[in-house]
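The values are calculated or read from the model by the stated rules, or taken from the named source; none is laboratory data. Predicted model only: the values in this text are computed from it and were never measured. Note: ideal-geometry Cβ built from the backbone for every residue, glycine included; neighbour counts use all protein chains shown. Just the protein is used for accessible areas: all its heavy atoms, side chains included, with ligands, DNA and RNA removed. Shrake-Rupley method; radii C 1.70, N 1.55, O 1.52, S 1.80 Å.
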Amino acid sequence: AAFERAVSLDPTFAAAHAWLSRAHSFLWWMHYDRTSERVALAKAAVDRAVQLQPDSPEVHTALGYYYYWCHLDYDRALAEFAIAREARPADGDILTGIGYVLRRQGKFQESVAALKQAAELTPRDAVLLTNMGDSLGLARDAKEAVRYLDRSIALTPDGARPYALKARYLLRIAGDVAAAGATVAAADALTLAQNHEVAYAAALCDLFARDYRAGLDRLSQWPREATDHHL
């Protein structure tokens, strides 16, 4: 609503159109609105931004996210992020987009390199630190993954996802059942046990500890959509 207000006050404000497009794309990506109309709104806003300021790094970044989030067109997304980066080589937002797309392509080491640069530029971005930990885990570097996830937890101790990822990578890579269980317990102490990712990590702890009945009991309490998320 704020971006819509901004472009209504100044229809020539290219950056506002670009960010409006990103907001629409994000609503689609996060499954808040998976209608074709939402994608069309994202496209219309970014097209207007391109008309107004075709060389703007904000505009090319918005295009990158549009192709990434709305179409999973990773090559076109990276091409747009590359154009934006030429103008702003030390922009953490652009590097973050590049890192996320590279991870989607399965290029985990390249993703880690891009996200590490972004984290150095924006060290208090807890979401970025969480995703950095996830990329490191996918690259099978449990020690570094845990280090970044702990940084995210320190910044936002009430966020569920870093606890869940930390427990999962402690189990799957390090094989440390005790440390993973302690991580889940810390999340439980903050009343995060009902979060589906934390519950999944807890079920994995049960599995690795060979407490199969506890795992089955835990999974049986999930709504079906939470189970589908991890199949």
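Using 0.36 nm per residue and subtracting the Cα-Cα separation, the extra length available between residue 186 and residue 6 on full extension is 60.6 nm. Is the C-alpha gyration tensor of segment 1-70 telling us rounded, prolate or oblate? Criteria: a/c under 1.5 is rounded; beyond that, a/b larger than b/c is prolate, otherwise oblate. The shape class here is oblate.
Have a look at 100, 67, 163 and tell me which one the Gaussian network model of the chain (Cα, springs below 10 Å) gives the largest fluctuation. With Cα springs under 10 Å in the chain, the top fluctuation among 100, 67, 163 is at 67. Summing charges over all other residues whose Cβ lies under 15 Å from the Cβ of residue 49, with Lys and Arg as +1 and Asp and Glu as -1, gives -3. Say R0 is 30 Å: what FRET efficiency, to the nearest 0.05, do residue 127 and residue 214 get from their beta-carbon distance? Using R0 = 30 Å, I get an efficiency of 0.45. The simple spin-label model puts a point 7 Å past each Cα toward its Cβ; for residue 26 and residue 147 those points are separated by 2.9 nm.
Remark: C-alpha extents of segment 97-231 on the principal axes read 44, 28, 28 Å, sorted largest to smallest. What distance in nm separates the two pseudo spin-label positions at residue 71 and residue 55, each 7 Å out from Cα along the beta-carbon direction? Those two pseudo-labels are separated by 2.5 nm. With the convex hull of its Cα atoms as the shape, the chain has an orientation-averaged projected area of 13.3 nm². Farthest toward the positive end of the dipole of the chain, out of 13, 185, 49, is the Cα of 185, where the dipole comes from beta carbon charges about the Cα centre. Pairs of Lys residues in the chain, spaced 8 or more positions apart or belonging to different chains, with C-alpha separations under 23 angstrom: 6 in total. With a 1.4 Å probe and every protein chain kept in, tell me what percent of the accessible surface of the chain is carbon plus sulfur. Carbon and sulfur atoms account for 55 percent of the accessible area of the chain. Loop-located trypsin sites (Lys or Arg not before Pro) across segment 102-210 with a Cβ neighbour count of 14 or fewer within 10 Å are 124, 140, 210, with loop assigned by DSSP. Using Cβ point charges alone (K and R +1, D and E -1), the dipole size of segment 35-103 about the Cα centre works out to roughly 140 debye. Here the chain is treated with +1 on each Lys and Arg Cβ and -1 on each Asp and Glu Cβ, and its dipole about the Cα centre works out to around 440 debye. Computed about the Cα centre, the dipole magnitude for segment 14-147 is approximately 320 debye when only Lys and Arg (+1) and Asp and Glu (-1) carry charge, each at its Cβ. A simple spin-label model places the labels of residue 221 and residue 196 1.7 nm from each other, with each point 7 Å out along Cα-to-Cβ. Heavy atoms of the protein chains alone define the surface here; on that basis segment 22-152 has 48 Å² accessible area per residue at 1.4 Å probe size.
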